[in-house]
1. Mind checking which residues of the stretch 27-55 are in contact (Cβ under 8 Å) with a residue 12 or more places away in the chain and either among the hydroxyl-bearing types (Ser, Thr, Tyr) or within 19 Å of Gln102 (Cβ to Cβ) (or both)?
2. From Pro11, Pro38, which residue is modelled with pLDDT under 85, within 24 Å of Glu82 (Cα to Cα) and assigned to a loop (DSSP other than H, G, I, E, B)?
3. Against the condition closer than 14 Å to Val68 by Cα, modelled with pLDDT under 90, over 17 Å from the mean Cα position of the chain (by Cα) and not aromatic (Phe, Trp, Tyr), how does Gly32 come out, does it pass?
4. Of the numbered conditions (1) over 10 Å from the mean Cα position of the chain (by Cα); (2) modelled with pLDDT of 85 or more, Cys71 fails exactly one; give the number of that condition.
5. The conditions are (1) over 14 Å from Val14 (Cβ atoms); (2) assigned to a helix (DSSP H, G or I), and Leu75 fails exactly one of them. Which is it?
6. Taking the condition of being on the phi > 0 side of the Ramachandran plot and within 8 Å of the chain's Cα centre (by Cα), how many residues in the stretch 55-68 meet it?
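The values are calculated or read from the model by the stated rules, or taken from the named source; none is laboratory data. Since this is a predicted model, take the numbers as computed values, not measurements. Counting neighbours? That spans all protein chains shown, and the Cβs are built from the backbone with ideal geometry, glycine included.
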Amino acid sequence: MPEALIKGQAPGNVLVRKMRPDDLPGALQILGLWNMAPRAPSSEVPDPERTSIEIDNAFVAEAGGRIVGTCSYFLLGDGWAETASLAVDPEPPFAGVGVLLQQA
């Protein structure tokens, strides 16, 4: 997907694009706000839902130079995919960013 500059969904500009390795800390921070960050197996959680993020299968929303949302997906085959995670900064004014990420 080419990078797309999307205006009018939040103050300023929100850029929705494929995740890059340097986006991972910001994405993990957003996921952590919702208790969705990947984690290693432990005695408390022997079989966590996710242990990593596949950067090739993830997008971020960026505003003002910081990550304000992230989503990732699992490939199911035959052109099908399933959303693995979708999280947006809960602080306004980022309403609508989740929709943009889901459409990416």
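1. Across the stretch 27-55, the qualifying residues are Ala27, Ile30, Leu31, Leu33, Trp34, Met36, Arg50, Thr51, Ser52, Ile53, Glu54, Ile55.
2. After applying the criteria, what remains is Pro38.
3. Against the criterion (closer than 14 Å to Val68 by Cα, modelled with pLDDT under 90, over 17 Å from the mean Cα position of the chain (by Cα) and not aromatic (Phe, Trp, Tyr)), Gly32 does not qualify.
4. (1)
5. Every condition holds for Leu75 apart from (2).
6. Total meeting the criteria: 0.
So that you can scan it fast, the table gives a plain yes or no per residue for (1) within 17 Å of Lys18 (Cβ to Cβ); (2) surrounded by 12 or more Cβ atoms within 10 Å (Cβ to Cβ); (3) touching a helix residue (DSSP H, G or I) at 6+ places or on another chain (Cβ under 6 Å):
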{"position": "Gly64", "(1), (2), (3)": "no, no, no"}
{"position": "Leu75", "(1), (2), (3)": "yes, yes, no"}
{"position": "Ser85", "(1), (2), (3)": "yes, yes, no"}
{"position": "Gly96", "(1), (2), (3)": "no, yes, no"}
{"position": "Leu101", "(1), (2), (3)": "yes, yes, no"}
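Yes/no matrix, rows are residues, columns are (1) at pLDDT 85 or above; (2) among the aromatic types (Phe, Trp, Tyr); (3) assigned to a strand (DSSP E or B); (4) more than 10 Å from the chain's Cα centre (by Cα):
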{"position": "Pro48", "(1), (2), (3), (4)": "no, no, no, yes"}
{"position": "Ile53", "(1), (2), (3), (4)": "no, no, no, no"}
{"position": "Ala87", "(1), (2), (3), (4)": "yes, no, yes, no"}
{"position": "Phe94", "(1), (2), (3), (4)": "no, yes, no, yes"}
{"position": "Leu100", "(1), (2), (3), (4)": "no, no, no, yes"}
